[in-house]
Amino acid sequence: MIQKLVHLFIVSVLLLQTQITPQGFLHRDNKKIIDGNGNEVLLKGMGLGNWLVQEGYMMQTSAFANAQWQIRSKISALIGATNTETFYQTFRENYIKKADIDSLKKWGFNSVRLPMHYNLFATNTNPPTFLNTGFDIIDSLLSWCEQNEIYLILDMHAAPGGQSDEPISDYNPANPSLWESGSNKDLLVMIWRKIAERYKDKTWIGGYDLINEPKWSLQPNNQPLRDLYIRLTDTIRAVDNNHILFIEGNWFATDFNGLTPAWDENMSYSFHKYWNGNSQSSIQYLIDLRNSTNIPLWLGETGENSNQWFVECIELMKTNNIGWAWWPHKKISSISGPLSIPLLPAYQSLLNYWTNGGTPPSSNTAFAALMAQANVTKIEQCKYNKDVIDAMFRQVNNTEVIPFANNQIPGIVQAVNYDMGKYLSAYSDVDYQNTGGGVYNSGYSYRNDGVDIQACNDPFSNGYNVGWTKTGEWLKYTVNITSSGTYNVLVNVSAPTTGGKIILSLNGSTIGSILDVPATGGWQNWQYITIPNVWLPQGTSSLQVRLFFGEFNFSYVKFDLITVDLENENNKLPTEFSLKQNYPNPFNPITHISWQAPISGWQTLKIYDVLGNEVATLVDEYGNAGNYEIDFNASNLPSGIYFYKLNTGNYTDTKKLILLK
């Protein structure tokens, strides 16, 4: 008995250890990145930009301050050094919290990239004073990542002096850069040594991204960059042989000349990709680099583009077996990231003062505005851009569309609530991605597709309209028609001139057209155009709105029911969710399960045993509104009590069934 208990104790300890560190350290295996169990890992990450290194475009300060030192100087001039430090402490405490990491895990990410500022770890003095601030932040973030079992990659985003002449490295031209100062290089080496000493045994640290986006003329052939990388590598390897090192090329992580051959057995080349096409030729030089060096690649930073560009880029990376980290997680008034921080009116007033001058606000007023803005950086205060996450995960290698909103007829279908899906599946737009200086979305509001959306003053809109329309563009909507019958269809438009044309179709068949959009007196002077006596069948359908000839604004389509098709009235869609009891019950071995859903959405129906273990998946797919039924065959299961659980929309219900053999 004692021997058995000892055996059980040993097994329990081993299982506990496995649960704590099941993956081991990420490391290089020829051209791949694998975990401690030998499984290849394709990193799907998110960069936590603007948290520890602020950037002007994310803070809405680009008109007068781009680098963090410039932003901080503007703030300090208004509220003083003490209040400025209070603002930055609050900003850092709120910007990323455990809820952010929980959400990233839920959305499908398996890693995060932390852009770090050297000044949170040490002062740039002789001798330097090491600080706890940066390490405390990493410790908290790492604990959240460990709980979610996602990797944390540490990125030196702002090195001492700045590794580039760009604001992203917090470069101040009044001071020597990283490349112009031996003491700056020494400090960078010391900081990485401290980081490696502290985290050498942490398996959920995914690696060290040594220098973000160096950009400097480093002749000959990037030799100073290679020399510094080797020095950093030797310093880290003196205390940490566990973690993979990510090596970025010069000129925004695109130029790897002089950085071959590899100098370490556990490294990966990291490139960045912005505002170019997603053809194979766009990355072929990197594939050649991987093939010639036998070293893996990582796309360490990309984003800031349209959803379609995101889809194509991720598909390209998947085809070439390259992991990635997107940029950024959140920023003020964003459509291109998962989260958008609200821009508060009081903070906008500060921005107006800094941009235009005038009477400065009082210190108390400015401090209150800054603290309020810092507090709304919390994830619960942010707007979730679901279309971005849908593009990055569901739409990859998937041409299906799903509803963005519950479009009910009779009622109003808002123009901006077209379906979620790829370009040419859910919508068509002339300018739908930025591949070199272009504008993919003229309005930069509400959604991140090529469809141009702007704020709208029409009281019956949802606050937005589609604008900048061009010939051949179209939008597709999943609509739920609750009653068959004849409708008047009212299209809400505005335009300063005539000439536009609109064609509406349902499930591929034309139901009406507007041959001449009138001049309404301005871009926000709205007018109905009525298409009378349109018959629509009950059920879930696909509505397409095609736009032609000249620019006009389009706000919504209103469907007014005129006469009801009484013959079909008894076959109306259900008005509420319902999961019915199976029959027969008890059963052997087949039973019948039915349910109803009043709206379209993803549906899952699963069978569980009494211990909560899933034993069968009966349904896991998108379904239209309607009534459903299915037979469950339990011939492969033993007698017992089981449960079936339905999830659809926001509705969840569970019922018991008994199998007797």
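Before we move on, is SER62 in contact with a helix residue (DSSP H, G or I) (Cβ under 8 Å, 6 or more places away or on another chain), without any contact (Cβ under 8 Å) to a residue 60 or more places away in the chain, surrounded by fewer than 20 Cβ atoms within 10 Å (Cβ to Cβ) and of a type outside the set (Lys, Arg)?
For SER62, the condition - in contact with a helix residue (DSSP H, G or I) (Cβ under 8 Å, 6 or more places away or on another chain), without any contact (Cβ under 8 Å) to a residue 60 or more places away in the chain, surrounded by fewer than 20 Cβ atoms within 10 Å (Cβ to Cβ) and of a type outside the set (Lys, Arg) - is met.
Within the set of pairs 6+ apart or on separate chains, which have a first residue in the range 212-227 that is farther than 22 Å from TYR118 by Cα, a second that is of a type outside the set (Phe, Trp, Tyr) and not in a helix (DSSP H, G or I), and C-beta atoms under 6 Å apart?
ASN221/ASN257; ASN221/GLY258; ASN222/ASN257; ASN222/GLY258; GLN223/GLY258
Taking ALA99, is it modelled with pLDDT of 95 or more, among the small types (Gly, Ala, Ser), out of contact with any Lys or Arg (no Cβ under 7 Å at 6 or more places or on another chain) and within 21 Å of MET392 (Cα to Cα)?
When the stated conditions are applied, ALA99 passes them.
Every residue in the range 384-401 that is among the basic types (Lys, Arg) and more than 9 Å from the chain's Cα centre (by Cα), please.
ARG394
Return yes or no: is ALA415 modelled with pLDDT of 95 or more, surrounded by fewer than 21 Cβ atoms within 10 Å (Cβ to Cβ) and either of a type in the set (S, T, N, Q) or over 20 Å from the mean Cα position of the chain (by Cα) (or both)?
Considered against the rule, which asks whether it is modelled with pLDDT of 95 or more, surrounded by fewer than 21 Cβ atoms within 10 Å (Cβ to Cβ) and either of a type in the set (S, T, N, Q) or over 20 Å from the mean Cα position of the chain (by Cα) (or both), ALA415 comes out as no.
Mind listing whichever residues of the range 616-639 are surrounded by fewer than 14 Cβ atoms within 10 Å (Cβ to Cβ) and over 30 Å from ASN480 (Cβ atoms)?
ASN633, SER635, ASN636, PRO638, SER639
Consider ILE153 carefully, then state whether it is in contact with an Asp or Glu (Cβ under 7 Å, 6 or more places away or on another chain) and crowded, with 16+ Cβ neighbours inside 10 Å.
Considered against the rule, which asks whether it is in contact with an Asp or Glu (Cβ under 7 Å, 6 or more places away or on another chain) and crowded, with 16+ Cβ neighbours inside 10 Å, ILE153 comes out as yes.
Taking ASN480 as meeting all but one of (1) touching a residue at least 60 places away in the same chain (Cβ under 8 Å); (2) surrounded by fewer than 19 Cβ atoms within 10 Å (Cβ to Cβ), write down the number of the exception.
Failing condition for ASN480: (2).
Hey, among the residues in the range 286-323 that are out of contact with any Ser or Thr (no Cβ under 6 Å at 6 or more places or on another chain), among the small types (Gly, Ala, Ser) and assigned to a strand (DSSP E or B), which one's farthest from ASP449 (Cα to Cα)?
GLY323
Does SER578 fit the bill of being at pLDDT 95 or above, under 29 Å from LEU536 (Cβ atoms), surrounded by 13 or more Cβ atoms within 10 Å (Cβ to Cβ) and among the small types (Gly, Ala, Ser)?
no
Name the strands (runs of 3 or more DSSP E) wholly inside the range 570-661 in which the number of residues that are under 32 Å from the mean Cα position of the chain (by Cα) is 3 or more.
601-609, 614-623, 640-648, 651-659
The values are calculated or read from the model by the stated rules, or taken from the named source; none is laboratory data. Because the structure is predicted, anything quoted here is derived from the model rather than measured. FYI the Cβ positions are ideal-geometry reconstructions off the backbone, even for glycines, and counts take in every protein chain you see.
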